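The values are calculated or read from the model by the stated rules, or taken from the named source; none is laboratory data. All values reported here derive from a predicted model rather than from experimental measurement. All Cβ positions, even for glycine, are placed from backbone atoms using ideal geometry, and neighbour counts span all protein chains on display.
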Amino acid sequence: MPAILRLAGFLIAGACSLLAARSAAGAEGAEPEPHDGLAYEAVGRGCPLESTYRAEARQRMPERTDRARTLRVKLSPVPRGFEGTVEAIEISAGRPHVVASRTVAGTTCEEVADATLLLVALGLLEARPPPAPPPAPAPAPEAAPIEPAPVRPAVRPTFHVAGLALAASGFGPVAVGGGARLGVGLERRGLVRPELRLGVDVVGEAELRNAIGTARRSLLAGRVDLCPLAFGTRPVLARICAAGAVGEVRVRGENVASPRDEGRLYTAVGGLLRGHARLAGGLGADLSVGVLAPIAPHRFFFEPDATLFRLDRPVPFVEGGLSWSIP
């Protein structure tokens, strides 16, 4: 009986020893449970005891707003002194996560401990509010409507072909004839709309009688009209032109003592006002009124001292006809 009791006591003592060893092993492998949300670990000489540090921290720590948050303070030596790390740890999905961390350094452990206490006291590692969402992108400014550039009227050349009837008066009766013109001008808006016309005029014979005898005169001349200015708009235009002519004037004497023909060089300058009216399409009507003054006057003698015909005065004329414009 005593042997049985001794065996039972030995077994009970072994079981208790085994349970105590397992509890100690479990305690060594688990992280120490922090008090008041603060875990403290110090390695090295001159570092505050845990009780002392915890008492200081308890006096300085602000009121906790997040019970799921733990502050872990670790003091450790480094080559040039001591280093202290304060970490804020939260449990997420059953695992601890460091959500904030600050590190300070100093020459002594006590100095570094005071710095970490200051971080805790200022609440620098308290839970921070979630970052504000980024501001919504501002709507793109509406582009100002682009006003189209003013369209400038096109400047294009226009060609003209004209056939004219001509009536001219000089010293003597009115002479009639005809002419043709080729021209080119610029179609545009404004006062300056230059136009150039080249042509030829043929004036038939006109009879002049006096006491000496009879003179018949005729004219064949080339003419240039330069019209820099124009007034009005289509279909009616008026142009101011300068004109010049070069040709031959021929006079034939009759009923005189010595009948003969005589031709002289004819040169003249002057001006005219021409009106143009568009009828249909490119067809138009032209009417011009002008005057040409001879540059060199001429006198025709068929008697020794009697002048049968002279050309020394301005010659007014009127001409009109149809023209065709080719854009």
Looking at segment 107-126, I want the residues that are closer than 18 Å to Arg80 by Cα and have a partner that is at pLDDT below 80 with Cβ atoms under 6 Å, at least 6 apart or on another chain. Which pairs are those?
none
Regarding segment 83-102, can at least one residue be identified that is more than 14 Å from Tyr53 (Cβ to Cβ) and touching a Gly at 6+ places or on another chain (Cβ under 6 Å)?
no
So which residues in segment 87-97 are over 60 Å from the mean Cα position of the chain (by Cα) and under 15 Å from Ala115 (Cα atoms)?
none
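For segment 154-161, indicate whether the set of residues that are among the aliphatic types (A, V, I, L, M), modelled with pLDDT of 75 or more and in contact with a Lys or Arg (Cβ under 8 Å, 6 or more places away or on another chain) is non-empty.
Applying the first criterion (among the aliphatic types (A, V, I, L, M)) to segment 154-161 yields 154-155, 161.
Going one step further and asking which of them are modelled with pLDDT of 75 or more, we end up with 161.
With the extra rule that they be in contact with a Lys or Arg (Cβ under 8 Å, 6 or more places away or on another chain), the set shrinks to 161.
Yes, segment 154-161 contains a residue that is among the aliphatic types (A, V, I, L, M), modelled with pLDDT of 75 or more and in contact with a Lys or Arg (Cβ under 8 Å, 6 or more places away or on another chain).
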Would a scan of segment 224-239 turn up a residue that is modelled with pLDDT of 80 or more, closer than 21 Å to Leu311 by Cβ and in a strand (DSSP E or B)?
yes
